[in-house]
Amino acid sequence: MSPDSAVPTAAAPARPAAPAMLPVMRPWLGEEEAEAAAAAVRSGWVAQGPRVAEFERALAARLGAAEAVVVSSCTTALHLAMVLTGVGPGDDVVVPSLSFIATANVVRYVGARPVFADVDPSTQNVTAATVEAALTPATRAVIAVDQGGMPLDVEPVRALCLRRGLELVQDSACAIGSTYRGRPVGGDATLAAYSFHPASCSRPGRVARWSPTVRSGRRGRGGCASTA
Ligand SMILES: Cc1ncc(COP(=O)(O)O)c(C=O)c1O
């Protein structure tokens, strides 16, 4: 289309000026990030190189977890978390009724059934009471979300899961940088996953875990799995 063809005519009236856009998910990228990406390209390490290990260490330190594993997305990290919990066909997993579709999808990936728990309208997060109301005899795990980065009140949910012998996975996709009781969200979780999508503040999914044997319920050293 030539520039002239865009000139308004009687048949095509000018549109009103678009309102100013709110940059809700514009990544904060500058020369430092551009240089880091260029350095990785120059190094020849464009896959699982030393920068990935460096990033995993930095992420674990930032979250107060002992280990971070970077994977390709938060969806992958959540899928991995489901595999680690040992949930499978015949099992139910409680997930929030309000979340990104990945939270429920990963339950299906392992052949289990997502059961939806209500969220508290004031926080948009599940509570111990709404999770408890969604439990079935087949419930084996709970995926609790820090919706939109709003920290979930996780302690009562964790206490419920411990009491009922359920695995708890924290979907902290949007919560990198958020804190709960003064500590990074998910840093003390058995398993937590994060996203580094621009809309989620991050795209690499990360699983943080506290126990080397997830099913033991013991709290050991933390760990995170992230993806690039
Ligand atoms: C709550 C929640 N879980 C999981 C995901 C999936 O993240 P990713 O796009 O990194 O796979 C998102 C993405 O927006 C999300 O909001």
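The values are calculated or read from the model by the stated rules, or taken from the named source; none is laboratory data. Since we're looking at a predicted model, the values are computed, not measured. All Cβ positions, glycine included, derive from the backbone under ideal geometry; neighbour counts span all protein chains shown.
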If we keep just the residues of segment 37-72 that are assigned to a helix (DSSP H, G or I) and among the β-branched types (V, I, T), which is farthest from the ligand (Cβ to nearest atom)? V41
If a residue must be under 12 Å from I143 (Cα atoms) and touching a Gly at 6+ places or on another chain (Cβ under 9 Å), how many such residues does segment 114-124 contain? 0
Quick one: is T75 modelled with pLDDT of 95 or more, within 15 Å of L191 (Cα to Cα) and among the hydroxyl-bearing types (S, T, Y)? no
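Each row is one residue, and each column tells you yes or no for (1) within 19 Å of the chain's Cα centre (by Cα); (2) among the β-branched types (V, I, T); (3) crowded, with 16+ Cβ neighbours inside 10 Å.
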site: A20; (1), (2), (3): no, no, no
site: A68; (1), (2), (3): yes, no, yes
site: V107; (1), (2), (3): yes, yes, yes
site: T123; (1), (2), (3): yes, yes, no
Could you list all residues from segment 134-160 that are within 16 Å of the ligand (Cβ to nearest atom) and either touching a residue at least 60 places away in the same chain (Cβ under 8 Å) or buried (at least 18 other Cβ atoms within 10 Å of the Cβ) (or both)? A141, V142, I143, A144, V145, D146, Q147, P151, L152, V154, V157
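Of G222, G205, which residue is surrounded by 16 or more Cβ atoms within 10 Å (Cβ to Cβ), modelled with pLDDT under 95, more than 28 Å from P27 (Cα to Cα) and not polar (S, T, N, Q)? Walk me through it before giving the result.
On the way: G205 fails: more than 28 Å from P27 (Cα to Cα).
One residue alone meets the criteria, G222.
Please determine, by comparing only the residues of segment 164-185 that are among the hydrophobic types (A, V, I, L, M, F, W, C) and not in a loop (DSSP other than H, G, I, E, B), which one is farthest from the ligand (Cβ to nearest atom). Working first, answer last.
Pass one, segment 164-185, residues among the hydrophobic types (A, V, I, L, M, F, W, C): 166, 168-169, 173-176, 185.
Filter once more, keeping what is not in a loop (DSSP other than H, G, I, E, B): 168-169.
Values: L168: 15, V169: 11 Å.
My answer is L168.
Condition check ((1) in contact with an Asp or Glu (Cβ under 9 Å, 6 or more places away or on another chain); (2) closer than 17 Å to S200 by Cα; (3) within 16 Å of the ligand (Cβ to nearest atom)) across all residues:
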site: W28; (1), (2), (3): no, yes, no
site: C74; (1), (2), (3): yes, yes, yes
site: A102; (1), (2), (3): yes, yes, yes
site: Y109; (1), (2), (3): no, no, yes
